[in-house]
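S.K.: I'd like to ask you about the structure that follows.
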Amino acid sequence: MAEDRVHVTIDGAQTEVPKGTILWEAAKDIGVDIPIFCYHSKLGPVGVCRMCMVQVEGMPKLTTACTTTVTDGMVVHTRSPEVEKAQRGVLEFLLINHPLDCPICDRGGECPLQDQTFQYGPGISRFVERKRHFVKPVRLGPTIDLDRERCILCWRCVRFTSEVAEDNKLILVDRGSESFIGTFEAEPYVSNFSGNVIELCPVGALTSHKQRFTFRPWELQQHPSICPHCPMGCNINIDVRDAQEVIRFRSRTNEAVDDGWLCDRGRFGYDFIGSPDRLKTPLIREDGTLRPASFSAAYRLIAERLQRVAAEAGPHSIAGIASPRLSNEDLFVFRRFLRDSVGSESIDYWPRPEYSIDSGDSAALQTLDSALTSIDRIDSAALIVLIAADPSEKEPVMELRIRSALNKRSAQLVDIGIHDVPLSGKASAVLRFAPDQIDGVLRGLFLAAAREAGSEEFAGARELLDGDGPVVLLYDDSFPDIPQERRRDALLSLAYMVDNLRERRQVGVIPLLTTSNEMAARDFGVMAPNDSGSVWGEPLVDRLLSGDYRAALFWGANPVGTVAGLTEAVEALDFVAVSELRLSETAGLADVVLPASCFAEKVGTVTNTCRRVQVFSEAVPAPGMARPDWQMLVELSQRWDNPLSYASPEAILADISGSVPGYAGRLPTSYRRVGPLGVAVKGGGVEAAE
Amino acid sequence: MAQKTVLFKHLEQPEIHRLDVYRDAGGYGALRTAVNDLAPAEVTQMVKDSGLRGRGGAGFPTGMKWSFLPKEYDTSYLVCNADESEPGAFKDRELMERNPHQLIEGCLLAAYAIRARHAFIYVRGEYLAIKELLDAAIEQARQAGLVGERIFGKDWGCEVSVYRGAGAYICGEESAMLDSLEGFRGFPRLRPPFPAVRGLYGKPTVVNNVETLANVPHIVANGAEWFKSTGTEKSPGTKICSISGPVNRPGNYELEMGTPFRYLLEDCAGGMAGGKSLKAYIPGGASAPMLPGDCQDVGIDFESYPAAGSTMGSASFILFPEDCCIVFAQLRISEFFSHESCGKCTPCREGSRWLRQMVERIEEGGGREEDLPILLDVTDNMVGKCFCALGDFATSNIVASIRHFRHEYEQHIRERRCPFRPHPAAEPLLQIAGVA
């Protein structure tokens, strides 16, 4: 037996586990179910509910499996008469003041208290006294309603806010049997991560304000999917009622991505799916008004008008701007449609970084691309560096992963940026500078002269960068706080920094992108210009303003209303076609509008911020005649001489897998083989792991 | 065996709270000896050899507790537990009020033994006057070079700070006390790690009761053998006993360990007031099981009371006279434990409330025959299953009162009323317990 492993016998079965393993985890590994309420693998042991008591030979009394570390030769009984009496006792205690309102409780049907009472409970209660009452429900904040009578005071939510989110928002108030969960001074519970406590709650105490009393768990079908609200790609289940109605998003743990957490933007961001203002039919502008039309009429008009523009001014005068929230399949087909059918290379996505990188500077992009790492590398980093980046804003769950790495694995954080972000308080060194100084600061960290002259702040950051062990750098390449004319330099100096660090340390980078599938938009060449691969041209939206184009396709992108002067520029175009979920500002200016289905209404893949390709599945039908973008583009392309011929999204996946650099050879050709947790393609930790 | 004055010097020298009087009587001599002539480990060894056991109630050997600290550490702390929250206990109060320097010297000696440079005295919130008195005494000692840097000109120095709790029984539990001292709400901590390894601010920490520390200067001054010559073999030394209830002279009495309770009651407290007989008594504060009034020959020490079915605890004797209703007394005790449960673990939080509700119902005339077995079974579901020992404490007198006075419970249930009402005899208890 290796020195770092120990033997334990649980209910007669022997197993070998690493030293330091919690007894409950050791039992779970060999399929022994020990009931728990307070314990949770993602939270520190606390030992308060007393449900997991077991008998350990040689110990004078029962002990809690969630707080006991396995020692070599330990012999454990989880089903002895003493243990069973203790379990019945604890369940009886938990239920005496519980309202037993399972028939109307949101949690009824998926409630650990209900389930474990059936399995381990006493069956009857001997309690005839007056139950404890609380005012209920209590609105803790915008998202959470609390039923204090159902609460069993397991501390999970309190520990989540103190250990994971570290905002310490939820606390125990009062004492003894009058204890309840609340917030300090009853201030509202406002957090980026509040929804997680609903899932952590082992009873129906913490409920979603939005969903309370609107469904029963057994009515719901679960569909594995990917959160569409940022490029982190947190795994979710979409819970659907009657195959029609999206009821909620829940986390679907993927250790490589989300560690089991969701942010509130993701968890509660599903209203758009079933929204009544979704487009249900194509629209064609007649006499200045958009009126419902058939797909064939819409396709006919788009083809006619684009072909006329191409004949008069050349195909490149047709601009195609896609949204980076489209799926890989949609983006890939959009790219092919524009280039192969229409013949235009005028393609871009929006929103995107508002600066360009010349081909002379392409080495910088290559440096950053080659250093791309996977999210879970944060866990093993010795040093985490933020460069003008706020993970909490861009990819919120990244904040939790960073906190976890800092707390559990003694990593250190350096925050180099313009202003404080929520993670700044965790930083061992903070380096602040004026927005136009980023280039000098990042390069100066590696220049002897500047190093001598730098401030104390500067020296603190430098010292940590000079240390040992793997580094993960997180940056936001849209550089929102840096003046526009300095953003290119910022990116180049970042690459310079990576090059220099790499000489001594293992370096991984994670870009904090803006939109869910932005990485794929770049990988698939949906970025202008496209002739030299990884080089970024001037944003096409800016060129629209200067009148370089005659017609435009906006595929899910809605820059009008955000970009100043764009309304006039779009109105001046000969022809505008838009594919959208709703009648956006841009769609309002279109000649033809196509109704698109959203991510929950189709099958497809997305590529996350670290190039992990993950699958989402069809959870609900699209409204009316709405169709997937790839399908509309394939249908539309039939009116050109070079039509596209994909019969299914899987056929597109196979084409991506065969033709996109970095994806080829790594991305399986079927959704089944991509699997429920996705696969990493180029970068994304693949190189580092090999 | 009888009364013996070691810790209660103020009975002979009422002015001993003054630094000059304390020093004239030999005070701070033990500290001078230790700092000048003894290595820290030698002080620990002396205390170990003396057989001194913790006076807070558990009776754990003090020297052994000190030797549990890791071999090497930079920072350690000494914490004096002056929370004195056990109903019936009021001995630490007198020790601090009347002879503060004895405690301060004890704290400094213990701190020296564990190489701590900061000692904290955690007093219960109600002891505001005592805090002020201790602060003044510490300031006097500081002026005299006895507290602070370079005590007796040596490299070692020690600060002493007094901290007031906010009124929670749980904060008398040593790990909860550390939470409270750190500024958090007091909850007992998971063990291991024990405070000796990771205590206050995560550093090795020793927590000792006031009376325990007050003994240390005497042991260092007079030697382990001298200490062992008093008391019993396994419970050496003297014990301050608090006696309350309807006796002629309630108060604190210092007795040699092993002195029978009868001596405390009759010779010290002057017997029961008004010629009443003793129905029952609790020897160690509300957490110790009550005994029938005829158990008067039990020796006051750590061994004899467990043999008699109870525990000496902090030697806080609460007496119930013949006309006292045991169910009503038990209700007061159960109210205390229900009120003071910290709420951290399920069995104590829910069980202590349920027990209180059941006893209340029986006392109010709503008892049922099946209630007694339920009461006992609920205690069984609590004992040994709670996060800390305070859960067990909430059960001990339920079990003891039913064991010894089952007939009173049955009478309540049968007659559907309390046969002792009104309850004149319970009033003093009620005031002392502070749970009215």
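The values are calculated or read from the model by the stated rules, or taken from the named source; none is laboratory data. Since we're looking at a predicted model, the values are computed, not measured. Here the Cβ positions follow ideal geometry from the backbone for every residue, glycine too, while neighbour counts run over all protein chains shown.
S.K.: Condition check: buried (at least 23 other Cβ atoms within 10 Å of the Cβ), at pLDDT 95 or above, part of a loop (DSSP other than H, G, I, E, B) and among the aromatic types (Phe, Trp, Tyr). Does B:Phe337 satisfy that?
M.R.: no
S.K.: Now for a different question. When you look at B:Gly153, is it in contact with a helix residue (DSSP H, G or I) (Cβ under 6 Å, 6 or more places away or on another chain), surrounded by fewer than 18 Cβ atoms within 10 Å (Cβ to Cβ) and free of Cβ contacts under 8 Å to residues at least 12 places away in the same chain, yes or no?
M.R.: no
S.K.: Related question: Considering each residue of the stretch A:175-234, count those that are within 15 Å of A:Gly109 (Cα to Cα) and not β-branched (Val, Ile, Thr), and give that number.
M.R.: 15
S.K.: Okay, next question. Show me the helices (runs of 4 or more DSSP H) entirely contained within the stretch B:123-226 in which 2 or more residues are modelled with pLDDT of 95 or more, more than 14 Å from chain A (Cβ to nearest Cβ) and within 25 Å of B:Arg32 (Cα to Cα).
M.R.: B:128-143, B:210-222
S.K.: What residue, of A:Leu431, A:Leu423, A:Leu442, is without any contact (Cβ under 8 Å) to a residue 60 or more places away in the chain, outside any helix (DSSP H, G or I) and surrounded by 18 or more Cβ atoms within 10 Å (Cβ to Cβ)?
M.R.: A:Leu431
S.K.: Check A:Thr67, A:Thr71 and return the single one that is touching a residue at least 24 places away in the same chain (Cβ under 8 Å), touching a Gly at 6+ places or on another chain (Cβ under 6 Å) and in a loop (DSSP other than H, G, I, E, B).
M.R.: Criteria check complete, one pass: A:Thr67.
S.K.: Out of everything in the stretch A:580-632 that is of a type in the set (Asp, Glu) and in contact with a Pro (Cβ under 9 Å, 6 or more places away or on another chain), what residue ends up being nearest to A:Gln244 (Cα to Cα)?
M.R.: A:Glu601
Quick grid of which residues meet (1) part of a loop (DSSP other than H, G, I, E, B); (2) within 13 Å of chain B (Cβ to nearest Cβ); (3) in contact (Cβ under 8 Å) with a residue 40 or more places away in the chain:
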{"residue": "A:Arg132", "(1), (2), (3)": "yes, yes, yes"}
{"residue": "A:Lys136", "(1), (2), (3)": "yes, no, no"}
{"residue": "A:Gly141", "(1), (2), (3)": "yes, no, yes"}
{"residue": "A:Cys154", "(1), (2), (3)": "yes, yes, yes"}
{"residue": "A:Thr161", "(1), (2), (3)": "no, no, no"}
{"residue": "A:Asn168", "(1), (2), (3)": "yes, yes, no"}
{"residue": "A:Glu185", "(1), (2), (3)": "no, no, no"}
{"residue": "A:Tyr189", "(1), (2), (3)": "yes, no, yes"}
{"residue": "A:Asn192", "(1), (2), (3)": "yes, no, yes"}
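S.K.: Okay, moving on. Does B:Cys418 fit the bill of being closer than 21 Å to A:Ser179 by Cβ, at pLDDT 95 or above and either away from every other protein chain (no Cβ under 14 Å) or part of a loop (DSSP other than H, G, I, E, B) (or both)?
M.R.: Considered against the rule, which asks whether it is closer than 21 Å to A:Ser179 by Cβ, at pLDDT 95 or above and either away from every other protein chain (no Cβ under 14 Å) or part of a loop (DSSP other than H, G, I, E, B) (or both), B:Cys418 comes out as no.
S.K.: Something else now. In the stretch B:341-394, what residues are of a type in the set (Ser, Thr, Tyr), within 8 Å of another protein chain (Cβ to nearest Cβ) and assigned to a helix (DSSP H, G or I)?
M.R.: B:Thr346, B:Ser352
S.K.: If I go through the stretch A:309-353 residue by residue, how many of them are surrounded by fewer than 23 Cβ atoms within 10 Å (Cβ to Cβ), in contact with an Asp or Glu (Cβ under 8 Å, 6 or more places away or on another chain) and charged (D, E, K, R)?
M.R.: 2
S.K.: Kindly indicate whether A:Ile96 is of a type in the set (Val, Ile, Thr), farther than 30 Å from A:Pro396 by Cβ, surrounded by 16 or more Cβ atoms within 10 Å (Cβ to Cβ) and touching a residue at least 24 places away in the same chain (Cβ under 8 Å).
M.R.: Yes.
S.K.: Next question, about the same structure. Can you pull out every residue in the stretch A:76-127 that is touching a helix residue (DSSP H, G or I) at 6+ places or on another chain (Cβ under 8 Å), within 14 Å of another protein chain (Cβ to nearest Cβ) and of a type in the set (A, V, I, L, M)?
M.R.: Scanning the stretch A:76-127 gives A:Ala86, A:Val90, A:Leu91, A:Leu94, A:Leu95, A:Ile96, A:Leu113.
S.K.: Would the stretch A:72-91 turn up any residue that is crowded, with 23+ Cβ neighbours inside 10 Å, within 21 Å of B:Phe194 (Cβ to Cβ) and touching a Ser or Thr at 6+ places or on another chain (Cβ under 6 Å)?
M.R.: no
S.K.: Could you list all residues from the stretch A:1-28 that are farther than 19 Å from B:Leu190 by Cβ and in a strand (DSSP E or B)?
M.R.: Once the filter is applied, which keeps residues that are farther than 19 Å from B:Leu190 by Cβ and in a strand (DSSP E or B), the stretch A:1-28 yields A:Arg5, A:Val6, A:His7, A:Val8, A:Thr9, A:Ile10, A:Ala13, A:Gln14, A:Thr15, A:Glu16, A:Val17, A:Pro18.
S.K.: Can you name the condition, by its number, that B:Gly270 falls short on among (1) farther than 16 Å from B:Ala89 by Cβ; (2) in a helix (DSSP H, G or I)?
M.R.: Result: B:Gly270 fails condition (2) only.
S.K.: Can you name the number of the only condition in (1) in contact (Cβ under 8 Å) with a residue 40 or more places away in the chain; (2) surrounded by 19 or more Cβ atoms within 10 Å (Cβ to Cβ) that A:Val578 fails?
M.R.: Of (1) in contact (Cβ under 8 Å) with a residue 40 or more places away in the chain; (2) surrounded by 19 or more Cβ atoms within 10 Å (Cβ to Cβ), only one is false for A:Val578: (1).
For (1) farther than 23 Å from B:Gly285 by Cα; (2) surrounded by 17 or more Cβ atoms within 10 Å (Cβ to Cβ); (3) of a type in the set (D, E, K, R), each residue gets a yes or a no:
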{"site": "B:Phe8", "(1), (2), (3)": "no, yes, no"}
{"site": "B:Arg18", "(1), (2), (3)": "yes, no, yes"}
{"site": "B:Tyr22", "(1), (2), (3)": "yes, yes, no"}
{"site": "B:Ala58", "(1), (2), (3)": "no, no, no"}
{"site": "B:Leu78", "(1), (2), (3)": "yes, yes, no"}
{"site": "B:Ser85", "(1), (2), (3)": "no, yes, no"}
{"site": "B:Arg93", "(1), (2), (3)": "no, yes, yes"}
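S.K.: Which of the residues spanning the stretch A:44-55 are more than 8 Å from chain B (Cβ to nearest Cβ) and modelled with pLDDT of 95 or more?
M.R.: Within the stretch A:44-55, A:Cys52, A:Val54, A:Gln55 meet the criteria.
S.K.: Looking at B:Met272, B:Met290 in this structure, which one is surrounded by 24 or more Cβ atoms within 10 Å (Cβ to Cβ), outside the structural domain of B:Gly56 (by TED's automatic domain parsing) and touching a strand residue (DSSP E or B) at 6+ places or on another chain (Cβ under 7 Å)?
M.R.: B:Met290
S.K.: Exactly one of these conditions fails for B:Arg349: (1) farther than 23 Å from A:Met51 by Cβ; (2) among the basic types (Lys, Arg); (3) free of Cβ contacts under 8 Å to residues at least 24 places away in the same chain. Give me its number.
M.R.: (1)
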